[in-house]
Amino acid sequence: MFIYLQLLKESFNFAIKSLRDNKLRTFLSLLGVTVGIFSIISVLAAVDSLNRSIQESLSGLDKNMINVSKFSFAPTDVPRWQRLNFPQVSYQEYEFMKREIPNTEAVVYELFGVFSTIKYNGKTIPSPTIQSTSAGVEQISDIRIEKGRFYNEAEANAGTAVVILGHNLAEQLFGEEDPMNKEIRIFGRKLTVIGVLKKYGELGGGPDENAYVPANFIRGFMNTGPQGLPSGVVLKPKKGVDMAEYEAVLRQKFRAYRGLKPEDIDNFFVNKISSFTDMIDETISMMNVVGWIIGGFSILVGGFGIANIMFVSVKERTSLIGVQKSLGAKNQFILFQFLFEAVLLAIIGGLFGLFFVWLLTFIIPSSSDGFNFVLSFKNVAIGLGISFVVGLLSGIIPASSAARLNPVEAIRTGQ
């Protein structure tokens with residue numbers, strides 16, 4: 001055991017001396033590995049952080065919820081030109097679903113793509129998202145009221161000029177002032193604040209930056225016809241319902257309501273929230289692959305750089321290798337010595353790459369809204385593991401050539 005520790009110590013000393021004596025060469029060798037590890041691990045960390053943020057955002061949603069609209073959450077065989085001609089889901093169709101689709105716990109109508117400047121007492125917030133829904137939005141999402149209340153069924157049906165503000169939006173408009181029952185202007189119209197949401201903390205602001213108003217308020221002055229504002233209906237089935245049967249009943253009844261013939265294709269899509277999460281998983285997997293490809297090229301260049309440096313190092317120390325072998329050093333010692341140097345070089349480069357990724361954990365959250373960039377232990381281990389393998393593969397051929405040198409010829413060649 002002592003012999004192996006002594007061997008490790010001597011190999012470490014040789015490696016450190018070699019790196020110190022050739023600073024420029026060492027720097028150039030480290031650069032490729034550093035850039036490669038930084039590229040791979042920064043992408044992996046960003047994707048993991050993004051995935052964590054998305055999963056937290058979706059954690060409050062029932063994966064069995066269904067969205068009915070003219071848009072598909074997943075790839076479809078229906079041509080784009082045909083999809084564009086599909087009618088929007090109307091408010092009357094929402095009322096039909098609410099009335100006729102059995103085993104449903106909640107049904108909510110939504111308008112999308114609604115933006116407006118919000119004004120209050122000289123303060124202006126340009127173009128936040130205006131979430132326009134029927135009553136019951138709190139039943140299909142995890143948004144919660146901090147102060148006040150949601151608009152009720154009567155207010156939603158009548159299109160009453162009331163609004164619920166996201167946490168950040170309320171702070172920007174009112175600061176320390178109590179926003180309850182204050183009037184703000186949206187689309188130049190006065191609306192009364194009846195509620196403020198609890199802080200949500202989603203990437204990009206999410207509900208924190210949104211205002212919620214009754215859909216019928218928006219329908220009173222904007223085009224929500226068949227080719228008007230994008231719209232949809234979200235249905236939350238009761239627990240324990242057979243989802244395949246539920247979807248079949250929904251599709252059958254909605255086709256009949258729209259007067260579609262048996263040979264006609266659906267002019268709407270029944271989207272499950274789980275399909276949306278599956279699509280996100282596929283996108284994240286693709287981003288991971290891209291990160292590996294980009295970083296892989298840098299790692300490859302770094303590996304060749306280390307191998308080249310190690311060949312130069314073997315040539316420079318040929319005489320020393322001959323002396324070591326003439327004094328009884330075994331081939332395994334010479335092999336380990338140069339392999340250790342190559343691995344150490346790669347790991348140092350990897351540590352620099354990880355250090356720069358670690359810096360991003362401070363830079364990105366401070367410059368973005370709600371995105372928590374995290375460097376996990378798993379990704380640190382991956383970075384060090386890649387560095388170790390790169391060093392091992394880059395050093396094996398130079399180390400083997402050094403171990404096979406004839407001591408007499410090595411001493412003669414090195415003189």
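See the values below:
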read-out	value
Some residue of the range 198-214 being in the same structural domain as residue 117 (by TED's automatic domain parsing) and over 30 Å from residue 49 (Cα atoms)	yes
Selected residue (criterion: farthest from residue 291 (Cα to Cα)) from residues of the range 337-361 that are out of contact with any Ser or Thr (no Cβ under 6 Å at 6 or more places or on another chain) and of a type in the set (Phe, Trp, Tyr)	338
Failed criterion for residue 94 (all others in (1) surrounded by 20 or more Cβ atoms within 10 Å (Cβ to Cβ); (2) in contact with a Lys or Arg (Cβ under 8 Å, 6 or more places away or on another chain); (3) of a type in the set (Ser, Thr, Tyr) hold)	(2)
Qualifying residues in the range 75-91 (those that are surrounded by 18 or more Cβ atoms within 10 Å (Cβ to Cβ) and among the hydrophobic types (A, V, I, L, M, F, W, C)) - the one farthest from residue 251 (Cα to Cα)	86
Tally of residues being surrounded by fewer than 20 Cβ atoms within 10 Å (Cβ to Cβ) and more than 27 Å from the chain's Cα centre (by Cα) across the range 136-154	8
Selected residue [crowded, with 19+ Cβ neighbours inside 10 Å, assigned by TED's automatic domain parsing to the domain that holds residue 41, modelled with pLDDT of 85 or more and under 30 Å from residue 53 (Cβ atoms)] from 376, 387, 394	387
Criterion: out of contact with any Asp or Glu (no Cβ under 8 Å at 6 or more places or on another chain), surrounded by fewer than 16 Cβ atoms within 10 Å (Cβ to Cβ), among the small types (Gly, Ala, Ser) and assigned to a helix (DSSP H, G or I) - qualifying residue of 302, 296, 353	296
So residue 170, is it in a helix (DSSP H, G or I), without any contact (Cβ under 8 Å) to a residue 40 or more places away in the chain, surrounded by 19 or more Cβ atoms within 10 Å (Cβ to Cβ) and assigned by TED's automatic domain parsing to the domain that holds residue 109	yes
Residue in the range 328-343 that is under 26 Å from the mean Cα position of the chain (by Cα), of a type in the set (Val, Ile, Thr) and buried (at least 18 other Cβ atoms within 10 Å of the Cβ) present	no
Contacts under 6 angstrom Cβ, first residue in the range 263-274 being touching a residue at least 40 places away in the same chain (Cβ under 8 Å), partner in a helix (DSSP H, G or I), 6 or more apart	270/247; 270/251
Any hit, the range 33-48, residues being farther than 30 Å from residue 308 by Cα, part of a loop (DSSP other than H, G, I, E, B) and touching a helix residue (DSSP H, G or I) at 6+ places or on another chain (Cβ under 6 Å)	no
Leading residue by the ranking (modelled with the lowest pLDDT) among those in the range 104-131 that are in contact with a helix residue (DSSP H, G or I) (Cβ under 6 Å, 6 or more places away or on another chain) and not aliphatic (A, V, I, L, M)	128
Any chance residue 272 is surrounded by fewer than 16 Cβ atoms within 10 Å (Cβ to Cβ) and either of a type outside the set (S, T, N, Q) or on the phi > 0 side of the Ramachandran plot (or both)	no
Among residues of the range 196-229, those that are at pLDDT below 90, in a loop (DSSP other than H, G, I, E, B) and among the charged types (D, E, K, R), counted	1
Count of the range 305-327 residues which are under 49 Å from the mean Cα position of the chain (by Cα) and not in a helix (DSSP H, G or I)	1
Candidates 72, 127 - the one that is small (Gly, Ala, Ser), surrounded by fewer than 13 Cβ atoms within 10 Å (Cβ to Cβ) and outside any helix (DSSP H, G or I)	127
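The values are calculated or read from the model by the stated rules, or taken from the named source; none is laboratory data. A quick note: this is a predicted structure, and the numbers were derived from the prediction, not measured. Because the Cβ atoms are built from the backbone with ideal geometry, glycine has one as well, and the counts that use them run over all protein chains shown.
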